[in-house]
1. Only residues in segment 187-201 that are over 13 Å from ALA168 (Cα atoms) count as the first member; pair them with residues that are basic (Lys, Arg) and surrounded by fewer than 23 Cβ atoms within 10 Å (Cβ to Cβ), Cβ under 6 angstrom, at least 6 apart or cross-chain, and list the lot.
2. Examine segment 349-369 for a residue that is on the phi > 0 side of the Ramachandran plot and touching a strand residue (DSSP E or B) at 6+ places or on another chain (Cβ under 8 Å), and state whether such a residue exists.
3. Can you report the number of residues in segment 6-48 which are open to solvent by less than 50 Å² (accessible area, probe 1.4 Å) and either touching a strand residue (DSSP E or B) at 6+ places or on another chain (Cβ under 9 Å) or in contact (Cβ under 8 Å) with a residue 60 or more places away in the chain (or both)?
4. Considering only residues that are in contact (Cβ under 8 Å) with a residue 24 or more places away in the chain, open to solvent by less than 80 Å² (accessible area, probe 1.4 Å) and within 26 Å of VAL7 (Cα to Cα), which ones fall in segment 396-420?
5. Looking only at segment 296-323, count how many residues are over 20 Å from the mean Cα position of the chain (by Cα) and over 22 Å from ARG381 (Cβ atoms).
6. Which of the helices (runs of 4 or more DSSP H) found entirely inside segment 82-166 contain at least 3 residues meeting this: within 26 Å of VAL42 (Cα to Cα) and open to solvent by less than 10 Å² (accessible area, probe 1.4 Å)?
7. Given the structure, is THR225 closer than 30 Å to VAL399 by Cα, out of contact with any Phe, Trp or Tyr (no Cβ under 7 Å at 6 or more places or on another chain) and open to solvent by 10 Å² or more (accessible area, probe 1.4 Å)?
Amino acid sequence: MVDRDAVVHLLRRATFGPTAEEVESAVRAGPATTLDRLLGPVGADPGAAATPLPRLGADPYAGIDKTSSREQRQQAQKARADQVRLLVEWWLDRMVAAEHQLTEKLVFFWHGHWATSVRKVRSAQLMLGQLETFRRHGRGPFEALVRAMVADPALIIWLDGQKNTRAAPNENLARELMELFTLGIGHYTEDDVKAGARALTGWQVDRRTGQARFARRRHDPAEKTILGRTGAFDADSYARLLAARPEAGAFVAARLWARFAGTEVAPPETLGGTGGGTTELLRALFTHPAFGQTRGGLVKQPVEWAVGAMRQLGIRPGKLPAPQRKELAGRLAGMDQVPLRPPSVGGWPAGASWLTTSSLQARMRLAALLAGAAAPEATRRLTAAPRDGRPDALARLLVVDRWTPRTLAALTPLADDPRRLLVAGLVSPEYTVG
């Protein structure tokens, strides 16, 4: 007999939010087949195909120089902001539409891991390029991803890599590369940071082309000793050294566990390293007995919460009227999480940090927007049920296992008002924490 709760738990964590139809299909298939589908090779994805990469055009600042007027600079700045807005709207639409949900959720995971903000990068084109790097390498061996990221234009700008020269090494990228992206605190020394910075010297970003290029004359070719290994390290060999360390495997496994399982149950040491790739690591995570103990223990990040709700309510954010698209981004900002804008290189917070009084108010306002934009079929599912059965219909629609007596008591009086019922369901503890 299929363990329905186990299948639903898997779908909640491996997707932004499963629809009722996806749940029924997965229950019929069983947990093993469902997991194989989630982790299998990415084939044709009609949802992704329906949301092709946005045509951003050239960087508006490409033609700005010392002779440009103040008005020209202001116009270029506004054009840049418009491109960023277009990219955020496109990505939210892709998150909702993508049928291979795990791939898109991994892109969002890596975005939070290699937390890079467009506020400093100031280029939608470079941020889009980084997202595509996550799609290309995010499911495979960690080494390939690290090697790609040390030459990623957006990350180089974000962590001052373009200022890193043999004459004046800048340690910012090397430090965060080890502390936040690969090894974790306590697994390197200050001497490792200094040597790592020398290995990363020489990379620059051409703002006109959006490409990172290696300037050999700015690179330090001398031998360096990093983590006990001595050699003429450059960015690529330094990346390979870090990715091969056992500490990197444990660090990435812990980060994946925190995002896909939660922090209430400690990550099992048996998850292993990253040699086989992120997909294999996720298979070990999702099939580990401890994963089942994490039900109801993971607070949804605001973006995950909103995208899951839009999937379940039949909302395509890219097809909303412009004022509602703008309001959607504004409401997410009110909840302190907008794609492309992590607050720091450490990424967004997790867990109870999202459950403040102010965040609840912002969540309610966004829930009202989503309830008002819900597809007619979503509200029909509620009104088609008998009045006393509408809370149960709401649970099926939002893929909530069951309401607590307290939540049920709050939902029952709203049964005659589908919109208010939806809002209450979306902000309920059972939906917010899954």
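1. Once the first residue is over 13 Å from ALA168 (Cα atoms) and sits in segment 187-201, its partners that are basic (Lys, Arg) and surrounded by fewer than 23 Cβ atoms within 10 Å (Cβ to Cβ) give VAL193/ARG175.
2. Yes, some residue in segment 349-369 is on the phi > 0 side of the Ramachandran plot and touching a strand residue (DSSP E or B) at 6+ places or on another chain (Cβ under 8 Å).
3. Keep residues of segment 6-48 that are open to solvent by less than 50 Å² (accessible area, probe 1.4 Å), which gives 6-20, 23, 25-27, 29-30, 34-35, 38-40, 45, 47-48.
Those still in the list that are either touching a strand residue (DSSP E or B) at 6+ places or on another chain (Cβ under 9 Å) or in contact (Cβ under 8 Å) with a residue 60 or more places away in the chain (or both) too: 6, 8-20, 23, 35, 38-39.
The number of residues fulfilling the criteria is 18.
4. Answer for segment 396-420, where residues must be in contact (Cβ under 8 Å) with a residue 24 or more places away in the chain, open to solvent by less than 80 Å² (accessible area, probe 1.4 Å) and within 26 Å of VAL7 (Cα to Cα): LEU397, LEU398, VAL399, VAL400, ASP401, TRP403, THR404.
5. Residues flagged as over 20 Å from the mean Cα position of the chain (by Cα) and over 22 Å from ARG381 (Cβ atoms) within segment 296-323 amount to 4.
6. Values: elements: 101-113, 118-121, 124-137, 142-149, 153-158.
Output list reads 101-113, 124-137, 142-149.
7. Numbers: closer than 30 Å to VAL399 by Cα: no; out of contact with any Phe, Trp or Tyr (no Cβ under 7 Å at 6 or more places or on another chain): yes; open to solvent by 10 Å² or more (accessible area, probe 1.4 Å): yes.
Criteria not met by THR225.
Condition check ((1) over 26 Å from ALA97 (Cβ atoms); (2) touching a Phe, Trp or Tyr at 6+ places or on another chain (Cβ under 7 Å)) across all residues:
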site: LYS319; (1), (2): no, no
site: GLN337; (1), (2): no, yes
site: PRO343; (1), (2): yes, no
site: THR356; (1), (2): yes, no
site: ALA368; (1), (2): no, no
site: ALA374; (1), (2): no, no
site: GLU377; (1), (2): no, no
site: GLY389; (1), (2): yes, no
site: ARG396; (1), (2): no, no
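The values are calculated or read from the model by the stated rules, or taken from the named source; none is laboratory data. Given the structure is predicted, the values throughout are model-derived calculations rather than measurements. Backbone-built Cβ (ideal geometry, glycine too); neighbour counts: all protein chains shown. SASA here: full protein model, heavy atoms, side chains in, ligands and nucleic acids out. Shrake-Rupley method; radii C 1.70, N 1.55, O 1.52, S 1.80 Å.
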